[in-house]
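Remarks on the structure that follows.
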Amino acid sequence: MKLVIESLSKTYANGVAALKDVSLTLTNGMFGLLGPNGAGKSSLMRTIATLQEADKGSIFLDDLDVLQEKTKVRQLLGYLPQEFGVYPKISAERMLDHIAQLKGVGNKGERKDLVLSLLENVNLLKDRKKHLGTYSGGMKQRFGIAQALIGDPKLIIVDEPTAGLDPAERNRFYNLLSQLGENTIVILSTHIVEDVSTLCSNFAIICQGEVLYSGDPETAVAEMNGRIFSKAINKSEIGFYKDDYNVISTQLKTGQLHIRVLQENAPGNGFEPAVPNLEDVYFSNIATRVDVNTI
Ligand code: ADP
C-alpha cells in the first residue's frame with residue numbers, strides 16, 4: 001500500500017494556515033509524524049481520516065482518491081483520535097461488540113470471536129467486563145487501538161497516543177503498536193521524539209504547517225555525525241552562547257546547563273564532540289522556527 005499526499009494546504013476560517021503545501025509518501029510500516037504542539041499534525045491526520053476538507057492538494061491511497069471517496073476510505077481506516085472519549089458506564093467488551101456491529105460485522109458469533117481476540121491482543125481480556133470509566137489512561141489507549149483495529153484496516157492513524165501515559169503504560173503501548181504495521185500503513189503523530197526512535201521506520205518533522213524533514217531515523221541521525229558538540233555552561237552564560245554558536249538544545253542538569261550545538265567544524269572553547277541522536281535532528285530542524293530552548 002502507498003499513501004501519497006501532494007501539496008496539501010488548509011487555512012482555517014480564523015486565518016491560521018495549519019497545512020502549507022504538505023507532500024509526503026508513506027508505505028507499509030510505522031510512519032512518525034513529529035512536531036511541536038500546533039504544528040498541524042492533527043489537521044493532517046483528520047484530513048487523511050476524511051474528517052475535514054483540505055483547501056488544495058490531493059491524497060491517494062493506492063488508486064483511491066481519499067478526498068473524494070470518503071466512504072471507501074472509511075472502510076479501510078482505523079482511527080484513534082487525540083481526544084478519545086469513552087462511554088464510562090459500558091464495558092470494553094460491549095462497546096467493542098457495538099462498534100463491530102456498526103462496522104458491519106453482522107454475525108453474533110463472529111463478532112464475539114473478533115471482540116475476544118482483539119481484547120486479548122491489547123491485553124485487556126481480564127478487564128473486559130469492567131466499565132470503561134474505570135480504565136487507566138494506558139488501558140483506554142489500548143482499548144482505543146482495539147476499536148481502531150476492527151474491520152482489518154489497511155490504514156491506521158493514531159494521534160498523540162502516548163501523551164499522558166506513564167513509562168510502563170507507554171512501553172506496553174509501544175509493544176502493541178510495533179506488532180501492527182507489517183501489512184498496513186500506520187501513521188503515528190507525536191511530539192515525543194522517543195516514540196519515533198522506538199517505533200518508526202520512516203518519519204517526517206512538521207512545524208507551522210510545513211514539512212521540514214522526511215526520511216528514516218537512522219539516516220537522519222547519521223547525517224549529524226561529527227556535527228554535534230556539547231558543553232556544560234553556567235545558566236547565566238546562555239545569551240552569549242546563543243549569539244555565537246548554533247545552539248539547538250539545552251538541558252538543565254544538576255544546576256548546569258548542558259547545551260548542544262550543530263556546527264560543521266569543532267567549535268573549540270571547551271566543546272566536546274557528541275554522539276548524535278534523533279533529538280538533535282528534531283531540534284536542529286525546528287530551532288529555525290520556534291525557540292525550543294526557552295528556559
Ligand atoms: P497539532 O496537532 O500539531 O498540535 P493542529 O493541527 O491541532 O496541530 O493545529 C495546527 C494549528 O491550527 C494550530 O495553530 C491550531 O490552533 C489551529 N487549529 C486547529 N484546529 C483548528 C480549528 N478547527 N479552527 C481554527 N484553528 C485551528
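The values are calculated or read from the model by the stated rules, or taken from the named source; none is laboratory data. From a predicted model like this one, the values you see are computed outputs, not experimental measurements. No Cβ is skipped: glycine too gets one built from the backbone with ideal geometry, and neighbour counts run over all protein chains shown. Protein only, heavy atoms only, side chains kept; ligands, DNA and RNA dropped before computing areas. Shrake-Rupley method; radii C 1.70, N 1.55, O 1.52, S 1.80 Å.
Using a probe radius of 1.4 angstrom, the carbon and sulfur fraction of the accessible surface of region 221-294 is 46%.
Between Ala266 and Glu194, the FRET efficiency from the beta-carbon distance, with R0 = 35 Å, is close to 0.80.
Taken one residue at a time, the phi angles of region 107-116 give Karplus couplings (6.51, -1.76, 1.60, θ = phi - 60°) of 6, 4, x, 4, 5, 4, 4, 4, 4, 5 Hz. Gly and Pro are set to x.
Residue separation of Thr288 and Asn225 scaled by 0.36 nm, minus their Cα-Cα distance, works out to 20.7 nm of gained length. In order along region 202-211, the phi-based Karplus estimate (6.51 cos²θ - 1.76 cosθ + 1.60, θ = phi - 60°) of 3J(HN,Hα) comes to 9, 7, 9, 9, 10, 8, 6, x, 10, 7 Hz; Gly and Pro are listed as x. Evaluating 6.51 cos²θ - 1.76 cosθ + 1.60 at θ = phi - 60° for every residue in region 2-18, the Karplus couplings come out as 9, 10, 10, 9, 10, 6, 7, 9, 8, 10, 6, 4, 7, x, 6, 8, 7 Hz, glycine and proline recorded as x.
Net charge of the neighbourhood of Ala204, taken over other residues with C-beta under 13 Å away and scored Lys/Arg +1, Asp/Glu -1, is -1.
Here the Debye sum runs over all C-alpha atoms of region 1-144 as equal scatterers in vacuum, and log10 of I(q)/I(0) at q = 0.10, 0.15, 0.20 Å⁻¹ comes out as -0.45, -0.91, -1.19. Estimated at the nearest 10 Å², the accessible area of His98 is 90 Å² with a 1.4 Å probe. Among the listed pairs Lys10/Lys253; Lys56/Lys154; Lys41/Lys112, a Cα-Cα separation exceeding 30 Å is found for Lys10/Lys253; Lys41/Lys112. Taking 7 Å steps out from each Cα toward its Cβ at Lys130 and Lys72 produces label points 4.2 nm apart. For the chain, the solvent-accessible area with a 1.4 angstrom probe is 49 square angstrom per residue.
So how tilted is helix 167-179 from the main axis of the chain? Cα-based, degrees 0 to 90, rounded to 10. Compared with the principal axis, the helix lies near 70 degrees. The helix-based estimate of mean residue ellipticity at 222 nm for the chain, built from -39,500 (n - 2.57) per DSSP H run of four or more residues and divided by its residue count, is -9500 deg cm²/dmol to the nearest 500. Beta bridges assigned by DSSP with both partners in the chain are antiparallel in approximately 65 percent of cases.
Rolling a 1.4 Å probe over the protein heavy atoms leaves Ser117 with an accessible area of roughly 60 Å².
Extension gain, Asp55-Ile238: 0.36 nm per intervening residue step, less the Cα-Cα distance, totals 61.6 nm.
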